[in-house]
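The structure appears right after this line, and notes come after that.
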């Protein structure tokens, strides 16, 4: 599971973003029946090019660690080791998804002998758009949204 990295100082400021990513990843992994931390992890991506520290580990670092770790062969089969990246911190395909994951991370994984796949972003999925529209209508009916 990945999301856009932020400067590490957000932790000192109490920003809920890292905890929200962890909660999202935990919920999705549980729904998929994935064992915590043995079948999934969290990585950050697209850190800024500044001297200050950013949230990590970086997705490329996680790929390198996965490629260098020991993995027992499945019983009775020859399986290739790989990873599926879910960019749950992004709702739409854009530069950080299409370049940083689909090109850069995929190339890093394949150069390390790993299969690579990425889940689709929701983009303009009609069900998601209907849910968002419903939330806006509900909020405006409750007085939470006012016209200017």
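No value in this document is a laboratory result; all are computed from the given coordinates. Keep in mind that this is a model prediction, so the values were computed, not measured. Here Cβ is always computed from backbone atoms with ideal geometry, including for glycine, and neighbour counts include all displayed protein chains.
Points to keep in mind about this one:
- Structure-based [θ]222 nm, the chain - -39500 (n - 2.57) summed over DSSP H runs of at least 4, per residue, nearest 500: -11000 deg cm²/dmol
- Two-site FRET efficiency, residue 91 against residue 12, from Cβ-Cβ distance with R₀ of 25 Å, rounded to 0.05: 0.40
- Relative to the longest principal axis of the Cα atoms of the chain, the long axis of helix 126-141 lies at roughly 30 degrees.
- Between residue 134 and residue 31, the distance separating the two model label sites (each 7 Å from Cα on the Cα→Cβ line) works out to 1.4 nm.
- Rg/Rh for the chain stands at 1.04; both radii use Cα atoms, and Rh follows the Kirkwood definition.
- Tilt relative to the chain, helix 59-68 - C-alpha long axis, 0 to 90 degrees, to 10: 20
- Degrees, to the nearest 10: 17-32 long Cα axis against longest axis of the chain: 70
- Whole-Å distance, taken between Cα centres, linking the stretch 37-57 and the stretch 1-28: 10
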